[in-house]
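Below is one structure; the comments refer to it alone.
The values are calculated or read from the model by the stated rules, or taken from the named source; none is laboratory data. Everything numeric here is computed off the predicted structure, so don't read it as measured data. No Cβ is skipped: glycine too gets one built from the backbone with ideal geometry, and neighbour counts run over all protein chains shown. Side chains included, ligands, DNA and RNA excluded: accessible areas come from the protein's heavy atoms. Shrake-Rupley method; radii C 1.70, N 1.55, O 1.52, S 1.80 Å.
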Amino acid sequence: MKNLFDLQYFEIFSDMLDDYVGLRPLKGAAQLLAKFSDWPPLYDEAQLAKNSVKVTAATYYKDMYVDFNLAQITASAVQNMEQYISNQHHHSALRRETELILKKLFQLSKREYD
């Protein structure tokens with residue numbers, strides 16, 4: 001299994017820096033960041049594994065920005081994590097369906113099960 005906290009997951013797609021006009025001025029900086037390899041750890045894995053604070057997240061099967069399997073690896077690494085998993089919504093669901101998504105998250109955060 002890949003190490004979730006290894007920054008190799010965070011890729012810079014160089015073709016996008018040419019394809020999107022707004023990103024073109026950032027190409028030099030993006031190339032410097034892509035070449036840098038001495039990044040410190042992004043998260044404290046041990047702390048996340050012993051987290052005592054309730055964490056409730058929305059996860060979408062077909063999220064075009066967040067890989068579902070990577071989201072599951074992340075969720076399993078954080079103690080006390082509950083997820084609202086849906087194939088009915090997409091990445092922008094919290095913005096587009098705020099009331100519905102927040103209602104689901106708050107219900108789940110109560111940790112009351114049948």
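Within the stretch 37-65, the set of residues being of a type outside the set (D, E, K, R) and surrounded by 13 or more Cβ atoms within 10 Å (Cβ to Cβ) comprises L48, N51, V55, T56, A57, A58, T59, Y60. For L102, the conditions (1) at pLDDT below 85; (2) surrounded by 12 or more Cβ atoms within 10 Å (Cβ to Cβ); (3) in a helix (DSSP H, G or I) are fulfilled apart from (1). When A75, A34 are checked against the criterion of being among the hydrophobic types (A, V, I, L, M, F, W, C), in a helix (DSSP H, G or I) and either open to solvent by 50 Å² or more (accessible area, probe 1.4 Å) or modelled with pLDDT under 90 (or both), A34 stands alone in meeting it. Within the stretch 78-90, being part of a loop (DSSP other than H, G, I, E, B) and either open to solvent by 90 Å² or more (accessible area, probe 1.4 Å) or among the acidic types (D, E) (or both) holds for Q79, N87, Q88, H90.
Conditions tested, residue by residue: (1) charged (D, E, K, R); (2) within 13 Å of the chain's Cα centre (by Cα).
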site: M64; (1), (2): no, yes
site: Q72; (1), (2): no, yes
site: E99; (1), (2): yes, no
site: L108; (1), (2): no, no
